[in-house]
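Structure record follows, encoded as structure tokens.
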Amino acid sequence: MLTNLQPCSVSEEQGDAFWFLNNLDIVKATSESTGGSFALVHQIAPPGAATPYHLHHTEDEAFYVLDGQATFICDGKKTVVGPGGYIFLPRGVPHGIRNQGSGSTTMLILAMPGTGFVGMMTEMGEPAPQRVLPTPTQPDMEKLARLCAKYGIEILGPLPD
């Protein structure tokens, strides 16, 4: 309930950290901490990191790139976003993200209300004992599809070029 919320701040060192799809994701705000409004994740993606092509049924997403660049494919249209750039991806619209640059990309992910993305990420990811990029691995796509379905996210296939 919004009336029970208290002001909250999180320092750079705070927030639960996860290794998810070869990224380092640090949860700065959850739907619970914002009264159901949104979740905020600080993400560092290595070169070549990519999501499957997917859509969210219950949440919108917004991305603000802090460093590097990310290629967003939204409903078949490619948009490259660099430092200081922002993109909004509404629920129900197919999309995916790829870091095609030669360096890491750092961005803030705002998911509204955020229960789907953060819930799926925390179940799929591994707690990161150190805030560094993980050793790259192949994700368990069957587990990812199952968790996405649980949280209202539909995987549509590989990310188109």
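Limited to the range 109-158, what total is found for residues that are touching a Leu at 6+ places or on another chain (Cβ under 9 Å) and of a type in the set (Asp, Glu)?
Qualifying residue count, the range 109-158: 2.
Could you please find all residues in the range 1-22 being surrounded by fewer than 12 Cβ atoms within 10 Å (Cβ to Cβ) and among the β-branched types (Val, Ile, Thr)?
3, the sole residue that qualifies.
Among the residues of the range 131-152, is there at least one that is under 29 Å from residue 35 (Cβ atoms) and β-branched (Val, Ile, Thr)?
No, there is no match, as no residue in the range 131-152 is under 29 Å from residue 35 (Cβ atoms) and β-branched (Val, Ile, Thr).
Criterion first (free of Cβ contacts under 8 Å to residues at least 24 places away in the same chain and in contact with a strand residue (DSSP E or B) (Cβ under 6 Å, 6 or more places away or on another chain)) does residue 83 satisfy it?
Answer is yes for this residue.
Cβ contacts < 8 Å: first residue within 25 Å of residue 79 (Cα to Cα), restricted to the range 137-161; second residue open to solvent by 80 Å² or more (accessible area, probe 1.4 Å) and assigned to a loop (DSSP other than H, G, I, E, B), any location; separation 6+ or different chain. Result?
From residues that are within 25 Å of residue 79 (Cα to Cα), the pairs are 152/57; 153/57; 154/57.
Take the conditions among the basic types (Lys, Arg) and closer than 16 Å to residue 59 by Cβ and apply them to residue 91. Does it pass? Spell out how you get there, then give the answer.
Numbers: among the basic types (Lys, Arg): yes; closer than 16 Å to residue 59 by Cβ: yes.
Yes, satisfied.
The values are calculated or read from the model by the stated rules, or taken from the named source; none is laboratory data. Model, not experiment: these values are computed from the prediction. Quick reminder, even Gly has a Cβ in these numbers, built from the backbone with ideal geometry, and neighbours come from all protein chains shown. With ligands, DNA and RNA removed, areas are computed over all heavy atoms of the protein, side chains included. Shrake-Rupley method; radii C 1.70, N 1.55, O 1.52, S 1.80 Å.
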